[in-house]
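Please treat every number below as a calculation from the coordinates, not as lab data. Keep in mind the model is a prediction, meaning the values are calculated, not measured. Positions of Cβ are backbone-derived with ideal geometry, glycine not excepted, and every protein chain shown enters the neighbour counts.
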Amino acid sequence: MSLPGAHVPSSAVTVLGLGPMGRALAGAFLAAGTRTTVWNRTPGRDRELVERGAVGARSAAEAVAASPLTVVCVVNYDAADALLRSEGVAAALTGRTVVNLTADTPDRARATGAWAAAHGVRYLDGAIMTPTTTIGTEHAVFLHSGPADLYAEHRPVLAALGRTHTHLGEDVSRAAAYDLALLDVFWTAMAGWTHALALARAEGVSARELAPFAQGIAAILPPLFEETAGEADEGRFAGEGNPLTSAVSSMAHIVQAAEAHGIDSGVMRAAEGMARRAVGLGHGADGFVRIADVLAAPLARSAG
């Protein structure tokens, strides 16, 4: 075990947090031949990794002292901050780098970044955009934010985690902002899919029967994302092909059919309500993405 201030190899890495994702991260580092030290609050989770060659630290402070780079992956920033800011760990981290791959809000990323700067800890925030099974493969996707020189310094070690790493800028909160926005897309889509399954089942259509057609709907979305992103950024909301008034009518039909079967349609009712609000503000002829402006309007007014 390395002690604070002792020389450690530049290719060494410490992983704090050995849940399913943390174990996958540590395993990828080991597979790449990187000296890997691991620690978890619950004893015993490091057993398999130690058998593969990892060094099991007796404490979190000992773990971070063993490497110039510490990767943190725990349940949220309450857990991450409690760990990083504990007396022994904070002292051991001075002058070393933390890459925090814990998921939470942009505000929490900014706060932890500010704490790190005030305590001499070099800090990068990050987000893991793919499941544990992709870690260490060409399919893994990571987002990073924070000092560009720090990212460049540790990029060769982080490369062991997967092929795609993107640095989003110096603001440490950028990775968290992307993460939440993209998860918003994912979970909203999954909520729509589960509601669709319930509605289809009520009408005698099985999930397997519906799935091929649902994939066709999903294939429509990527070009729509590209097209409407430009409209949103430029403030133009063409609705000639599918105005908001048409969308409201379509969503109302879904709600009516689902609720006739006793299916909870709260998510679709919320979407319909957003669209009706935009129509009520005079945007009925606009495209669906106009809703983004309507949703943000109260925030814009309060910021002003």
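Side notes on the structure shown:
- Mean separation of Cα pairs under 8 Å and 6 or more residues apart, divided by the residue count, gives the chain a relative contact order of 12 percent.
- Glu138 versus Arg52: modelled label distance in nm, points set 7 Å from Cα along the beta carbon direction: 2.1 nm
- Counting only Cβ charges, +1 for Lys and Arg and -1 for Asp and Glu, the dipole size of the chain around its Cα centre is about 860 debye.
- Percentage of interatomic Cα-Cα distances in the chain larger than 24 Å: 61 percent
- Ranking of Val75, Val98 by neighbouring Cβ atoms within 10 Å, starting from the fewest: Val75, Val98.
- Binned Cα-Cα distances of segment 1-117, short to long, each 5 Å bin given as a whole percent: 2, 13, 25, 26, 19, 11, 4, 0
- For the pair Thr42 and Phe213 in one chain, pulling the backbone fully straight at 0.36 nm per residue adds 57.1 nm over the alpha carbon distance.
- Local net charge near Thr102, Cβ-Cβ under 10 Å (Lys/Arg +1, Asp/Glu -1): -3
- Alpha-carbon spread of segment 206-303, three principal axes, descending order, Å: 46, 29, 26
- Once the Cα atoms are used to define both axes, helix 106-118 deviates from the longest principal axis of the chain by about 20 degrees.
- CD proxy at 222 nm, helix term only [per DSSP H run n ≥ 4: -39500 (n - 2.57); per residue of the chain; nearest 500]: -17000 deg cm²/dmol
- Proximal charge balance of Asp179 [Cβ under 15 Å; K/R count +1, D/E count -1]: -2
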